[in-house]
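> Dropping a structure here in structure tokens format, bear with me for questions.
The values are calculated or read from the model by the stated rules, or taken from the named source; none is laboratory data. Everything quoted here is computed from the prediction, not taken from an experiment. Here the Cβ positions follow ideal geometry from the backbone for every residue, glycine too, while neighbour counts run over all protein chains shown. Ligands, DNA and RNA are stripped out before the accessible areas are found, and what is left, the full protein with its side chains, is counted by its heavy atoms. Shrake-Rupley method; radii C 1.70, N 1.55, O 1.52, S 1.80 Å.
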Amino acid sequence: MIDPIGDRHWAQRNLFAVSANMNRIVVPFIVANPLEKEEVFELKARQLDRRQLELLSLRMKGEPGEMALRMRLVDGLGKAVTEPSRESITRLALGPRRQRRYSLALDFEKTVHSPQIVAVELTLTYNADGARTVGSLGIVISGLVDDG
């Protein structure tokens, strides 16, 4: 069974790396209920805070980007489920072992230049005696190589 939360070796499959060469990037993904019962989940997209971005940049041999993103969650039919914002949150019900397609639309205030990176984290949680994370996805946006 795929378990990116319990088995961190799966985390490598949950990381997208894209180069920012336009004003908008759309990243498709699937959310899934790993439970044997229907549950209401919270899907949240947020930009990494400064400290997290600095650590990630160090590991990736880049520099933290100074830009704030506007993001919006979109369902599998292309309908926006959140308004463009600095953070996107929605709640959804999923039956046992069911899944649903979504996309995250990211709008850039300005171009990300090399060696800058910007990162977004998506998490899927539910409330079982406190918030429990059942899925996550990282999106790392790297700047284009400058022409000089």
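> If we count every other residue with Cβ under 13 angstrom of Leu43's Cβ, Lys/Arg +1 and Asp/Glu -1, where does the sum land?
On the way: positive: Lys44, Arg46, Arg72, Arg91, Arg100, Arg101; negative: Glu39, Glu42, Asp75, Glu87, Glu121.
Charge balance near Leu43 sits at +1.
> Quick one: which residues, 5+ away or cross-chain, put their amide H under 5 Å from the amide H of Glu87? H built at 1.01 Å from N.
Result for Glu87 returns Met71.
> Counting only protein chains, not ligands or nucleic acids, how are Glu121, Glu63, Glu38 ordered by accessible area (probe 1.4 Å), most first?
Numbers: Glu121 60, Glu63 95, Glu38 115 Å².
Descending accessible area places them as Glu38, Glu63, Glu121.
> Can you compute the radius of gyration and Dmax for the range 55-110, using only the Cα atoms, both in Å?
Reported Rg and Dmax, both Å: 15.1, 42.
> Right, another one. Using protein chains only and a probe of 1.4 angstrom, how many square angstrom of Arg70 are accessible, to the nearest 10?
About 100 Å², ignoring ligands and nucleic acids.
> Starting from the residue with the highest accessible area, list Leu55, Leu94 in decreasing order, probe 1.4 Å. Please list the in-between numbers first.
Values: Leu55 75, Leu94 5 Å².
Reading off the accessible areas and sorting them downward yields Leu55, Leu94.
> Would you tell me the accessible area of Val40, worked out with a 1.4 angstrom probe on the heavy atoms of the protein chains, in Å² to the nearest 10?
60
> Protein chains only, probe 1.4 Å: how do Lys61, Lys110 rank by accessible area, largest first? Kindly include the intermediate steps, with their values, before the conclusion.
Working: Lys61 175, Lys110 120 Å².
Listed by decreasing accessible area, they come as Lys61, Lys110.
> Reachable lysines from Lys79, Cα under 26 Å, same-chain residues fewer than 8 places away excluded?
Counting by Cα, and skipping residues close in sequence, Lys79 has these lysines nearby: Lys44, Lys110.
> Got the relative contact order for the range 38-99 handy, in percent, Cα pairs under 8 Å and 6 or more residues apart? Walk me through the numbers on the way to the answer.
Details: 79 pairs, mean separation 28.9, N = 62.
Here the relative contact order equals 47 percent.
> What accessible area, in Å² to the nearest ten, does a 1.4 Å probe give for Ser142?
Here the residue's solvent-accessible area equals roughly 40 Å².
> Another one. As a test of the definition: which semi-axes, in Å, follow for the range 18-148 when you take the square root of five times each eigenvalue of its alpha carbon gyration tensor? Largest first, please. Let's see the in-between values first.
On the way: eigenvalues 173, 52, 26 Å².
Those come to 29, 16, 11 Å.
> From the backbone phi of the range 52-60, what are the Karplus-calculated ³J(HN,Hα) couplings (6.51 cos²θ - 1.76 cosθ + 1.60, θ = phi - 60°) in whole Hz, Gly and Pro given as x?
Residue by residue, the range 52-60 yields 4, 5, 4, 5, 5, 4, 4, 5, 8 Hz.
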